[in-house]
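What follows is a single structure, written as C-alpha cells, with notes after it.
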Amino acid sequence: MRQNRAHLYTGFYLTQFLFLGVQLPFFPGWLDAKGFSEAEIGWLTGGALIMRLLLGAGIAWVAEGLRDQRLVLRLVAGLMFFSSAMLLLTDSKMALAILAMLMLFSFGCLVPLTDTAVLRADRQGLLTYGKARGFGSFAFIFANLVGGVVIAQYGDGAGVWWIVGATFATLLVSFIVPRINPVNNLDRLKEIKPESTSAIRPPKLAEAGRLIKSPSFLLVLLASGMVQGAHATYYTFSELHWSRLGYGSDLIGVLWTIGVACEIFLLYNAKRLLRFTGPVGLILIGAIAALIRWPLIGLSPPLYVLVFLQAMHAFTFAATYMGTVEFIARAVPGNLTNTAMTLVSTLGVGAVTGIAAILAGFIFSPAAPFAAYGLMGAMGGVGIIAALLLQRRWHGGLLRTDR
C-alpha cells in the first residue's frame, strides 16, 4: 500500500462531517416542518441512541472478526445513504421516523469504525490521526456555514438534499479506502506492512467481556463519557440561551466556529501535547476545562469572556477525544479496538450525553440557564475524579483480556 492511499481516510472523514455539519443544526428544523413536535424529535434521537446501545458494539465485534473490515464500513455507509435518500420519497410520518432513526444510527456506528481504521493507519506511520480528524472538523464548519446559506435560500428541504449528497459521497469513498490490518504490538507497528494479509486473530467473545469488566477501561468510559456528555446543554440549548441575550444567528454561528476552529488547532498539535501529558493527562485537562467552562457560560458573561470560553472547546472536546483515542491505542489489544471505540462512543459518550440532555431539558431556562450549565460543570468534576483514579491505576501497558 502506498502511503497516499491511506490518506483517502481523510476524505472519508470529510464526507461524514459534511453530513454532520448540516444534520446536527438543521435537520430538526426539517422534521419540525414535517409535523414532528419537539418531544417527537427528541424520541427520534433517543431511538437512534437505543439502537446504537443495543447493536453498535455487536457490529464492531463482528467487524473485528473479518479479514477485510471495509465490508462493514460499506454496509453501514450503504444503510446511511439508503435511509437518507428514502426521506425524499415518502411523506408518511411513521416511515420518516424510522428512516431518520436508521440514518442517525448508521452515522453513529460509522464514526467509531472509521476512527479505528484511521488510528491503525496512524500507528503504522501512514497518516496522523489528529490531522485527519481535523479535516473532518473543517468540513463541519464548511457545511455549517455554507449549508446554512443554502437552506436560508431554498428552504429546509435543501438540507435533506445536502444530507443525501454527503451520504452518497461517503458510500463512494468507502469503496476506495485501503484495508488497514490490525496488529497487536503497538511498539512495533511501524515495522509491519499494512498490506500484509497476516492480520491478527479474531477476537473472542470472552475477551470482549473481560474488556468491559476491566477497571481501567470502565474508568476511561466514565471519564470520557462525563466530559463529553457535559456538552449536552451547549449542543441542545446554546442557541436559545444566546438568542435571549440578543445575539443574532450570525454571531451565534461565529461563536460555534470559534470553538471548532480551536478544536482543529489542538487536533493538529495533539501528538506534540501527548508527549508531555500522556493520554490520561489529556482527559484530565478536558475535565478541568469542563468544570470551569460550563458554569461560567451559565452565568451569561460578557461577549469577550464568552469568546474565551468558546476557545476552551479545544480542551473540553478535542483534548478529551484525543486522550481517549490514544488510551485505546495503547491499552486495548489490537483485535478489540473496534469494540472499544464503539463502547466508548455508545456507552460512554452517547448514553451519558443523551441522559444529560434529558436532565438539562427539565431544568434549562433561557432566562436562567445556570442550573443546566452547572450540572454540566458537575459532570466535569466527576470526570476529574475518574481521570485521577485512572492515572493511578493504569501504567501505560496493554489491558489483560486473554485470561
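Return yes or no: is Ala143 in a helix (DSSP H, G or I), under 22 Å from the mean Cα position of the chain (by Cα), of a type outside the set (Lys, Arg) and modelled with pLDDT of 90 or more? Against the criterion (in a helix (DSSP H, G or I), under 22 Å from the mean Cα position of the chain (by Cα), of a type outside the set (Lys, Arg) and modelled with pLDDT of 90 or more), Ala143 does not qualify.
Scanning the stretch 345-367 for residues that are of a type in the set (S, T, N, Q), modelled with pLDDT under 95 and under 16 Å from Ser216 (Cα atoms) turns up nothing. Only a single item in (1) modelled with pLDDT of 90 or more; (2) surrounded by 16 or more Cβ atoms within 10 Å (Cβ to Cβ) is not met by Pro302, and it is number (2). Picking from residues in the stretch 283-297 that are touching a Leu at 6+ places or on another chain (Cβ under 9 Å) and closer than 16 Å to Ile363 by Cβ, the one that is surrounded by the most Cβ atoms within 10 Å (Cβ to Cβ) is Trp294.
Looking at Gly136, Gly130, Gly155, Gly125, which one is surrounded by fewer than 18 Cβ atoms within 10 Å (Cβ to Cβ), within 23 Å of Thr339 (Cα to Cα) and not hydroxyl-bearing (Ser, Thr, Tyr)? Explain how you work it out, then say what you get.
Values: Gly136 fails: surrounded by fewer than 18 Cβ atoms within 10 Å (Cβ to Cβ); Gly130 fails: surrounded by fewer than 18 Cβ atoms within 10 Å (Cβ to Cβ); Gly155 fails: within 23 Å of Thr339 (Cα to Cα).
Result of the check over Gly136, Gly130, Gly155, Gly125: Gly125.
Regarding Ala372, is this residue within 21 Å of the chain's Cα centre (by Cα), at pLDDT 85 or above, in a helix (DSSP H, G or I) and not acidic (Asp, Glu)? No; evaluated as a whole, the condition is false for this residue.
Going by the conditions given, is Leu14 outside any loop (DSSP other than H, G, I, E, B), aliphatic (A, V, I, L, M) and either at pLDDT 85 or above or crowded, with 19+ Cβ neighbours inside 10 Å (or both)?
So Leu14 passes the test.
Does Ala351 meet the test of being surrounded by fewer than 24 Cβ atoms within 10 Å (Cβ to Cβ), touching a Gly at 6+ places or on another chain (Cβ under 8 Å) and under 16 Å from Ala386 (Cβ atoms)?
Values: surrounded by fewer than 24 Cβ atoms within 10 Å (Cβ to Cβ): yes; touching a Gly at 6+ places or on another chain (Cβ under 8 Å): yes; under 16 Å from Ala386 (Cβ atoms): yes.
Considered against the rule, which asks whether it is surrounded by fewer than 24 Cβ atoms within 10 Å (Cβ to Cβ), touching a Gly at 6+ places or on another chain (Cβ under 8 Å) and under 16 Å from Ala386 (Cβ atoms), Ala351 comes out as yes.
Restricting attention to the stretch 66-123 and to residues that are of a type in the set (S, T, N, Q) and in contact with a helix residue (DSSP H, G or I) (Cβ under 7 Å, 6 or more places away or on another chain), the residue that is nearest to Ala329 (Cα to Cα) turns out to be Thr116.
The values are calculated or read from the model by the stated rules, or taken from the named source; none is laboratory data. Because the structure is predicted, anything quoted here is derived from the model rather than measured. FYI the Cβ positions are ideal-geometry reconstructions off the backbone, even for glycines, and counts take in every protein chain you see.
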